[in-house]
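Step one of this worksheet: look at the structure below.
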């Protein structure tokens, strides 16, 4: 066996193992979501039976409020994504293109602030939001989520903008375009892959966030999917694993669709920062 064949075999084995490891939890979640009794593995008297009742219960049971949780998550994550990507695009363009004192310290400062764990800020943030009267509202989650996801978005877009030739800006400015026009008519169209990948990562982060949503919301009017699913409970206090897994599968579908639709842009956007611009 020559070296080239061995490399191909190892690559296939490695890719297969990685795929199995990544897909196994999702596959197991789907299996449990279609199971009538999730305790079939721990009991010899319970047989494995498939059913769609878990999905029907999750979508129709009014006491679960799952559709309200899903709506809240989608609305909040979408708003956060739009605002965060817009602000980070402006910031990344200014840092990468405009010379001013301290511009190189801004991304370092933002990165340093982002390293503080959520738990260290949650107490003071809760008191502040409570005084504003925002508890159990979209605003209670919107502003913390923007601040929380902004460092990630800024660094991704900054690494991409730095690879774009500055000659593009100079040519646009010579033609009479302002800085803002240069950004929106030249830089942003060329940065579509980075913008798509950044938007998806921000959306996923906001959609899946748990701690802020747990402490700043109290009921279905503002509570998001992760917290809503975590608080699912049966009539007698048991954990309804079938309902939980069915709700998890439904919640994952929007993220999977977004990743599949924009996968080409995501891959090129995330890898562009590591490549030298032409």
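How large is the convex hull of the C-alpha atoms of segment 96-137 per residue, in Å³?
Here the figure is 130 Å³ per residue.
Based on the mean of other beta carbon atoms within 10 Å per residue, what is the order of 91-100, 192-201, most packed first?
Output ranking for 91-100, 192-201: 192-201, 91-100.
Okay, helix-only estimate at 222 nm for the chain: each DSSP H run of n ≥ 4 adds -39500 (n - 2.57), divide by all residues, round to 500 deg cm²/dmol; what do you get? Kindly include the intermediate steps, with their values, before the conclusion.
On the way: 13 runs with 192 residues, N = 278.
Result for the chain, helices only: -22500 deg cm²/dmol.
Taking the 0 to 90 degree range and rounding to the nearest ten, how far is the long axis of helix 192-208 tilted relative to the main principal axis of the chain, both from C-alpha atoms?
40 degrees
Over segment 63-272, what is the relative contact order in percent, taking alpha-carbon pairs closer than 8 angstrom and at least six residues apart? Intermediate results must be reported in sequence, preceding the final value.
Details: 212 pairs, mean separation 74.1, N = 210.
Computed value for segment 63-272: 35 percent relative contact order.
Output the Kirkwood hydrodynamic radius of the chain, Cα pairs only, in Å rounded to one decimal.
About 21.9 Å for the chain.
What's the angle, to the nearest 10 degrees (0 to 90), between helix 241-261's Cα axis and the longest principal axis of the chain?
30 degrees
Estimate the FRET efficiency between residue 49 and residue 261 by the formula 1/(1 + (r/R0)^6), using the beta-carbon distance for r and 35 Å for R0, to the nearest 0.05.
For R0 = 35 Å, the calculated efficiency reads 0.50.
Which ordering of 223, 36, 264 is given by a fewest-first count of other beta-carbon atoms within 10 Å?
264, 36, 223
Output the 0 to 90 degree angle, nearest 10, between the alpha-carbon long axis of helix 66-97 and the longest principal axis computed from the alpha carbons of the chain.
Approximately 20 degrees, to the nearest ten.
So how far, in whole Å, is the C-alpha centre of segment 103-130 from the one of segment 212-260?
Value for the Cα centre distance between the two parts: 27 Å.
Can you sort 114, 251 so the residue with the fewest Cβ neighbours within 10 Å comes first?
Lowest to highest Cβ neighbour count: 114, 251.
Assuming R0 = 30 Å, can you tell me the calculated FRET efficiency for the pair residue 94 and residue 59, based on Cβ-Cβ distance, to the nearest 0.05?
About 0.05, to the nearest 0.05.
Just rank 120, 86, 73, 159, fewest to most, by other beta-carbon atoms within 10 angstrom.
With the fewest neighbours first, 120, 86, 73, 159 line up as 120, 86, 159, 73.
The numbers here are math on the coordinates, done by the rules we state, and not lab data. Computed from a predicted structure; not experimentally measured. Note that each Cβ is placed from the backbone with ideal geometry, even for glycine, and that neighbours are counted across all protein chains shown.
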